[in-house]
Structures are given as structure tokens and as C-alpha cells.
1. What net charge do the residues around Thr84 carry, taking every other residue with its C-beta under 10 Å from that of Thr84, with Lys and Arg at +1 and Asp and Glu at -1?
2. Sorting Thr121, Thr205 by accessible area (1.4 Å probe), largest first, what list results?
3. Would you check the accessible area of Asp62, probe 1.4 Å, heavy atoms only, in square angstrom rounded to 10?
4. Considering amide H positions built from the backbone, and no H for Pro or chain starts, which residues 5 or more places from Arg157, or on another chain, come under 5 Å of its amide H?
5. Extension gain Thr190-Thr137, at 0.36 nm per residue separation less the Cα-Cα distance, in nm?
6. Note down the accessible area of Glu61, probe 1.4 Å, to the nearest 10 Å².
7. When the Karplus curve 6.51 cos²θ - 1.76 cosθ + 1.60 is applied with θ = phi - 60°, which whole-Hz ³J(HN,Hα) does each residue of region 182-188 get, with x for Gly and Pro?
8. Restricting the calculation to Cα positions, tell me the Rg (one decimal) and the Dmax (whole number) of region 156-226 in Å.
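The values are calculated or read from the model by the stated rules, or taken from the named source; none is laboratory data. Here the structure is a predicted model, which is why all the values come from computation and not from measurement. Don't worry about glycine lacking a Cβ; one is built from the backbone with ideal geometry, like all the others, and counts go over all protein chains shown. Areas reflect the complete protein model, heavy atoms only, side chains present, ligands, DNA and RNA absent. Shrake-Rupley method; radii C 1.70, N 1.55, O 1.52, S 1.80 Å.
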Amino acid sequence: MGMGTGMASPLLSCAIMALLASVLPPPSVAGDPDLLQDICVADLSSAVKVNGFACKATVTEDDFYFKGLGAAGNTNTTYGSVVTGANVEKVPGLNTLGVSMARIDYAPGGLNAPHTHPRATEMVFVLEGALDVGFITTGNKLVSKTISAGDVFVFPRGLVHFQKNNGAGPASVISAFNSQFPGTQSLAMTLFAATPPVPDHVLTTAFQVGTKEVEKIKSRLAPKKA
């Protein structure tokens, strides 16, 4: 009896593991489950904290509408570019749908500085002008190209990327993301304008520069006082 029980236990364990493997999705697709209802319009004022936003009770057509991408944004900024997002904060109906868009406008010489989107891959479609674009792999390889009106370029999720308008006229793109809220982390702002600040000794060692250079960069990137 003892031997029979000992033999059955490993076999039973293997059978259970095989069954679980057949019905559970692999980790790569398990993070974003299918919807359990037709819509879940974001209640942006809710104090309930979930992965995304709680669903609001009353829904209107305006929850699925946004007209902010039709006109160019004001590019009079530090980098000469501006991003107009159409994510769940602007279109509450995007909640749980896993998509969003944005428009990016660039003045002549404007730069969308190196940044990442931790939760989404980005695809850009050039509306006008020409841009030098690129991303850097985790192996430190630069993948870059010059794109112009009508072209499409893809920036893989989580990789550092940029767009630069080296033309004499303005440029603009429409971006698409596979996330309702892709998140944006600008390298320069993250490192030199964080609150509380990243210690100077960390930055001087990382970039092999002096404290004066670090403080100069911090002062240039500090939020403008009203």
C-alpha cells in the first residue's frame, strides 16, 4: 500500500500540472485579461484604486469622443515640441480597451527628447514634414531612420526613443499606442528634475561630469515659476 501511494502522488502531481498548463494562459498574455462587460468608462473622480480606473455608472457619447488632435499644438516649449494625448484621461471610454493615440507637433529644429513608454509600443504616422527618428535597444544599438509625410515608424515598448525635426518647416505625427495609458518617462526630466531630486553624486558619477554641470542642467529643466 505504501509503495502504491508513493507512486500515485508524483503521477497525480504531473497530471495536475499538465491540466493547469492547458487551461492557464502563459505569462506573456496573462497581464491584460479580456473584458467582462461591453464597456467600462473610467470614473476619473473615483477614489477606488484599481489597475486602470473604476467604471462609472452613467455613460454618455462624450465619454468616447475627443477632438483635440485636429489642430497643431503650441511648440513654444523647452524642446520645441508638444504632445497632445488622447488617452483614458481625455477619452474615459478607452478604459480597459488597451488603445490610445496622440498628436506630436515639432517646430523647426524641435525635439521630442529621448524617453520611454513603459506600458506600450508606439507607432507614428507622419502628417507633415520630415523627422529623424530612432530607438536604442538594450544592447545599445541605435536603430534610426529619416521619415517623411505618409511614412510609419514603430518604437518597441519600453525602449528609449526620440524624434527630431531637422527641417526648415514644422512637422507633425499621429501616434498610436497599445495601451489606454502608455506612460511617458523622459530621461532628462526623470534624472535631472525629479522630486525629491536625484543626489548630485549619483549624477556626477553616472555621467562623469562635475557638480556645476549637473546643477546647470537641473536649473534649465526646473519647472518655470508662474
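1. +1
2. Thr205, Thr121
3. 100 Å²
4. Excluding prolines and chain starts, which carry no amide H, the hits are Thr121, Glu122.
5. Numbers: separation 53, 0.36 × 53 = 19.08 nm, distance 1.93 nm.
Taking Thr190 through Thr137 to full extension adds about 17.2 nm, to one decimal.
6. Accessible surface of Glu61 is approximately 140 Å².
7. x, x, 9, 10, 6, 4, 5
8. Just the Cα atoms of region 156-226 yield Rg and Dmax of 15.9, 41 Å.
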